[in-house]
Amino acid sequence: MIIDANTAFYFVIGIAVLMYVMLDGFDLGVGALHLFAKTDEERRIFLNAIGPVWDGNEVWIIIVVGGLFAGFPNAYATILSGFYSLFMILIAGFIFRAAAIEFRSKRESPRWRGLWDFVFCAASLVVAFVIGILLGNLIQGVPLDAEQNYTGDFFNLFSPYVLIVALFALSLCTMHGAIYLYMKTEGEAHQTVRRWINPAIGFFLIAFFLVSLATFFTAPHMIVPMRENPLLGMIPLLALVTIFSIPMLIKREKAGWAFISSCVSILLLLSLYQIGTYPYLIYSPAIPENSLTIYNASSTEKTLKTLLLIVAIGIPLVLAYGFWVYRIFRGKVKLDSSSY
Amino acid sequence: MDVLLLSRIQFAINICFHYLYPPISIGLGLMLVIMEGLYLKTKLPKYREMTFFWIKIFALVFAIGVATGLVQGFAFGTNWARFSRFVGDVFGSALASEGIFAFFLEAGFLGILIFGKDRVGPKLHYLATICVCLGAHFSAVWIIIANSWMQTPAGFHIEQTATGPRAVITDFWQMVFNPSSMDRLVHTIFGCWLTGAFFVMSVAAFYLLKKKHQEIARSMMKIGLTVSLIVLGLQLFSGDRSAHYVAKHQPAKFAALEGVYHTAPSTPMNIVGWIDEKKQQVHGFKISGLLSFLTYRNLIDPVPGLDQIPRDEWPNVPLVFHSYHIMILTWIAMLFVSVFGFWALFRGTLESKKKLLWIMVFSVLLPHIGQQAGWMAAETGRQPWIVWKLLRTSEGVSHKLSKGQLIGSINMFVVIYILLFSLFIFLLDRKIKQGPEELALDEKLYRDPGK
């Protein structure tokens with residue numbers, strides 16, 4: 001089977017989403033857990049665990065959005081104009097998170113820091129939750145008219161199923177963030193994170209169970225490809241195995257491996273999403289002909305090929321220096337004069 | 001007010017506020033490369049202290065630049081859905097290149113710049129500084145190519161689709177090197193360099209006035225003045241070239257920039273002026289034949305006026321004219337500051353000239369005013385088109401939005417931006433007052449955990 005340019009670029013966007021969730025996912029999780037840390041020093045250690053990397057991680061969401069604009073402009077136009085208010089909330093979340101990280105430690109005053117700590121936590125929760133709402137709607141499908149415009153309103157975006165997906169997204173980030181902190185800390189801060197890890201994993205497992213059940217009943221179209229192709233059916237099983245390996249690895253104090261397990265779980269879960277929705281970008285359950293697919297929403301083949309070439313040159317570079325940056329900041333967090 | 005006007009207002013607020021920050025990043029990027037380069041070459045500690053002082057300010061500016069820049073990535077789709085469908089095939093690839101080649105470079109290496117000074121050696125640190133500077137410059141490249149394509153489209157053809165017409169790339173490099181992209185890129189980058197130079201100069205003048213950090217301030221003053229004087233000179237040529245492309249490709253915009261209502265030989269140019277829209281006249285100081293000369297290199301040939309353009313293809317003439325002339329005035333003002341500053345520095349009398357130093361402190365605003373006004377002229381001069389002669393702005397807006405949604409989001413942005421801007425000024429002020437030496441002291445306190 002030869003993969004066409006549309007599928008190949010859809011795959012590239014999938015990778016960008018994966019990178020975003022894997023990397024900024026732990027930033028969001030660290031934010032979600034922020035208020036559970038009680039002392040200023042602990043909060044600073046946790047903040048500085050993501051300090052040098054969160055900016056670069058956030059760039060992946062720009063790549064996702066920019067990639068969508070470039071490769072599938074109709075889907076970009078439909079989603080962003082259709083979910084207008086939701087995106088405004090997301091943007092506000094991103095801005096407040098950046099401001100909180102940047103401004104928090106600029107002054108000593110406990111009131112100043114307390115305020116920004118709250119903003120950091122709230123903004124991270126909002127971003128994780130809104131991204132969950134987006135994914136939930138894309139899984140479930142939304143009403144579209146013949147001109148590919150979203151016909152629902154803001155409140156239609158919050159069905160019970162979508163809320164479950166959003167909760168799941170939040171729990172995933174929280175767990176991922178807790179594991180990341182566990183890996184990056186030592187001493188007392190490490191013990192603090194140790195206390196959080198099991199509840200975070202528990203929260204995730206409950207949400208995972210709920211979301212699987214809900215998808216089975218509310219979005220049965222997601223299951224079809226797994227039924228038809230037993231090889232793909234292996235993916236949910238693999239996901240289950242990796243997810244359950246996380247608490248085992250934590251118990252054995254293998255934080256690095258637990259983090260890798262968490263990343264692999266994200267990979268498997270997102271591939272379930274892509275397999276389930278392919279070739280739809282935005283599915284319209286009521287009138288399926290109005291759906292946007294990777295074919296009717298795409299740029300021309302020529303542009304897609306140009307994009308693939310840009311990606312082929314750019315991504316290895318990005319990964320190479322991304323890897324270098326992470327290597328320089330490897331090891332446990334230590335506060336110094338340049339810290340937040 | 002309708003959805004179209006509200007969307008335009010929102011875009012203007014977003015882009016104007018965002019554009020306070022990238023020019024500082026780009027300009028300071030260059031300044032940092034110069035400063036740290038001088039340190040590596042001379043090993044004088046003052047250059048090192050200077051570099052790390054400006055890195056802290058760079059970090060603050062960058063953080064707000066990213067936060068407000070993120071908005072732009074969404075803004076095309078949220079408010080300009082039909083425009084996005086129309087241009088997606090053409091400038092999606094430019095924006096994707098921007099993300100991949102520019103943002104990662106800048107964001108990735110900034111971490112090393114700020115947090116890595118004890119983890120990497122001086123040469124690797126300098127490499128990171130260069131990468132951040134390059135990243136900042138690359139980010140200007142692609143967005144300006146996309147914007148220039150909207151001014152002078154090239155390398156495409158129009159195709160009908162189920163959801164309306166769209167532009168489709170036929171030649172990627174023709175799109176990239178469309179008639180205006182390189183001139184506008186150079187013009188913009190020079191503007192950014194001036195921003196960096198005047199920022200450094202302004203802080204240096206402040207320290208000289210307060211008699212603090214004088215040794216560092218003198219060196220910063222030299223760097224700032226030298227760069228600003230060179231770039232102001234270069235900007236003159238770049239401005240001339242930019243005006244040329246407008247005259248050639250966008251006659252309606254050119255007529256509006258210069259307030260040429262009526263076509264006449266020996267077209268004059270207004271150095272300063274005021275538009276009387278009702279009488280279709282410009283009052284002010286004009287030099288006869290200068291515009292003809294600048295456009296055609298002779299004193300006679302008439303520049304086509306707005307009378308040759310259909311009325312429904314006119315931009316808002318007073319807005320375009322006045323913002324364009326504000327830009328020119330800021331260039332003249334910057335030239336005065338730089339020339340007097342340089343002369344005083346050369347004669348060794350600068351530090352006794354309090355008034356001049358205070359002017360230099362506040363001249364940090366000039367490049368910002370110039371750039372905001374210049375972009376205002378460039379973008380409003382393109383109206384009523386969102387893509388020149390291909391798509392009207394009214395055809396590009398997301399028409400399913402409600403006024404309520406827009407009023408909500410505009411309010412949200414205004415509140416957020418006022419907050420961000422106040423915090424930015426507050427923290428910037430603290431950092432400048434702390435100064436380079438105090439930062440070094442700070443460091444010792446942190447290293448001694450006994451504190």
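The values are calculated or read from the model by the stated rules, or taken from the named source; none is laboratory data. Computed from a predicted model, the values in this text were never measured in an experiment. Heads up, the Cβs are rebuilt from the backbone with ideal geometry, glycines too, and the neighbour counts pull from every protein chain shown.
Points worth noting:
- In segment A:305-324 there is no residue matching the filter, namely being hydroxyl-bearing (S, T, Y) and either in contact with a Cys (Cβ under 7 Å, 6 or more places away or on another chain) or closer than 14 Å to A:G141 by Cα (or both).
- None of B:A167, B:A243, B:A205 is surrounded by 24 or more Cβ atoms within 10 Å (Cβ to Cβ) and of a type in the set (A, V, I, L, M) except B:A205.
- Cβ-Cβ distances below 8 Å connect the following pairs, each with a first residue in segment A:14-41 that is modelled with pLDDT of 90 or more, a second residue that is among the charged types (D, E, K, R), and a separation of six or more residues or different chains: A:D24/A:E58; A:D27/A:E58; A:G31/A:R97.
- Scan segment B:274-317 for residues that are surrounded by fewer than 16 Cβ atoms within 10 Å (Cβ to Cβ) and either in a helix (DSSP H, G or I) or touching a Phe, Trp or Tyr at 6+ places or on another chain (Cβ under 8 Å) (or both) and the total you get is 11.
- Residue selected from segment B:146-164 under the condition within 11 Å of another protein chain (Cβ to nearest Cβ), under 18 Å from A:F69 (Cβ atoms) and among the small types (G, A, S), by the criterion surrounded by the most Cβ atoms within 10 Å (Cβ to Cβ): B:A146
- Qualifying residue in segment B:395-408 (condition: under 30 Å from B:A197 (Cα atoms) and acidic (D, E)): no
- Of all residues in segment A:36-78 being in a helix (DSSP H, G or I), more than 7 Å from chain B (Cβ to nearest Cβ) and aliphatic (A, V, I, L, M), the one that is farthest from B:I100 (Cα to Cα): A:I45
- Residues of segment A:297-309 satisfying the condition of being surrounded by fewer than 20 Cβ atoms within 10 Å (Cβ to Cβ) and either outside any helix (DSSP H, G or I) or within 9 Å of chain B (Cβ to nearest Cβ) (or both): A:T300, A:K302
- So A:A320, is it more than 14 Å from every other protein chain (Cβ to nearest Cβ), surrounded by fewer than 20 Cβ atoms within 10 Å (Cβ to Cβ) and at pLDDT below 85: no
- Within segment B:227-240, if we keep just the residues that are small (G, A, S) and more than 18 Å from B:I34 (Cα to Cα), the residue that is surrounded by the fewest Cβ atoms within 10 Å (Cβ to Cβ) turns out to be B:G233.
- Unmet criterion (only one of (1) at pLDDT 85 or above; (2) at the interface with chain A (Cβ under 7 Å from one of its Cβ atoms)) for B:W80: (2)
- Qualifying residue in segment A:98-106 (condition: more than 8 Å from chain B (Cβ to nearest Cβ), in contact with a Phe, Trp or Tyr (Cβ under 6 Å, 6 or more places away or on another chain) and either within 19 Å of B:G65 (Cβ to Cβ) or surrounded by 24 or more Cβ atoms within 10 Å (Cβ to Cβ) (or both)): yes
- Applying the criterion of being in contact with a Gly (Cβ under 8 Å, 6 or more places away or on another chain) and under 11 Å from B:F321 (Cβ atoms) to the residues of segment B:255-271, the residue that is surrounded by the fewest Cβ atoms within 10 Å (Cβ to Cβ) is B:Y261.
- Filter result for the condition that a residue is closer than 26 Å to A:A166 by Cβ, buried (at least 24 other Cβ atoms within 10 Å of the Cβ) and β-branched (V, I, T), over A:V59, A:V64, A:V53: A:V59
- When the criteria are applied in full, B:V176 fails the requirement of being on the phi < 0 side of the Ramachandran plot and surrounded by fewer than 20 Cβ atoms within 10 Å (Cβ to Cβ).
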